[in-house]
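Just below is one structure, and these are the notes that go with it.
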Amino acid sequence: MLRSDSVYKQFSKYYDELTYDMPHELWLDIIHQYKGGRNSVLDIGCGTGNLTRLLDFDEVYGFDQSELMLDEARGKGPGTINYFTGDMRDFELERGFDVICATVDVLNYCKDPEEVMQVFEQVKNHLNEDGVFIFDIHSVFKMENDLNDVTYSDETEHITYIWHAIAGEVPLSVIHDLTFFVQDEESREKYRRFTETHIQRTYKHKDMLKMIDDAGLSVDLAFSDFDLENPVTDVCERIFYVVKKAL
């Protein structure tokens, strides 16, 4: 299931408050290490633009499948960012980019290898010759331990949520079953309840490497957990790939 307004109808309004601890600056540092003379960037699955608006490039584009998420992004500025609604499996722009990124496990929303390959094909079509594609996915270890029939909860000033991470039927997949209790704006003693369901799937490192190769791309670097010096291991939580067009 890819992100869409049918899923993010309520979530988009509260996304930033719920993801207050998301370390966007760590993703930003990685992307900027590959800037080096590159002038344009495309942010796939940009959500509410928290990372997109910090990208220090001459030309910044960002898209998401949810127009509601993009409404939140546009409201933050700056107005020089080119936001548009699109599907990462079949977006088409009449230009290329020096850097393309898909952060915060965006590719985990692809339901099967075929959809991953569709994304890779679109990336290859929009990547300049010396361009780089930077993306990350949940590791197998994280899927099997942190997202395997476990329950989490948290609260902010206005929202309390309960998150059930339920193992999906497809191997290495998870159903995120979320229940939110949002404080009424007029009465602090009343709460409104709504639910969201999100589905993700991940892939073994060796299988991801094969898909990258089959797509006519090549891995410039693979590392883990936000550190370019960290190798991909059996106990890492997040795997990063820096990919270029194959020679």
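Details
- If you go through region 119-140 and keep only what is part of a helix (DSSP H, G or I) and surrounded by fewer than 17 Cβ atoms within 10 Å (Cβ to Cβ), you end up with E121, N125.
- Any hit, region 76-86, residues being of a type in the set (D, E, K, R) and surrounded by 16 or more Cβ atoms within 10 Å (Cβ to Cβ): no
- Taken over region 79-95, the criterion of being more than 17 Å from the chain's Cα centre (by Cα), within 16 Å of Q122 (Cβ to Cβ) and in contact (Cβ under 8 Å) with a residue 24 or more places away in the chain is satisfied by E92, L93, R95.
- Matching residues, region 171-225, being among the charged types (D, E, K, R) and touching a residue at least 60 places away in the same chain (Cβ under 8 Å): E196, R201, K204, D207, D214, D220
- Against the criterion of being closer than 20 Å to D225 by Cα, assigned to a loop (DSSP other than H, G, I, E, B) and touching a strand residue (DSSP E or B) at 6+ places or on another chain (Cβ under 6 Å), Y34 qualifies.
- Set D90, D58, D29: member being exposed (fewer than 14 other Cβ atoms within 10 Å of the Cβ), in contact with a helix residue (DSSP H, G or I) (Cβ under 9 Å, 6 or more places away or on another chain) and farther than 29 Å from I159 by Cα: D90
- Within region 156-193, the set of residues being loosely packed, with under 14 Cβ neighbours inside 10 Å and within 27 Å of L107 (Cα to Cα) comprises E169, V170, P171.
- Scan of region 38-78 for residues that are in contact (Cβ under 8 Å) with a residue 40 or more places away in the chain and basic (K, R), ordered by number: R38
- Any hit, region 199-218, residues being out of contact with any helix residue (DSSP H, G or I) (no Cβ under 6 Å at 6 or more places or on another chain), exposed (fewer than 12 other Cβ atoms within 10 Å of the Cβ) and modelled with pLDDT under 95: no
The values are calculated or read from the model by the stated rules, or taken from the named source; none is laboratory data. What you see is a predicted model; the values in this text were computed from it and never measured. Glycine also receives a Cβ, built like all others from the backbone with ideal geometry; neighbour counts cover every protein chain displayed.
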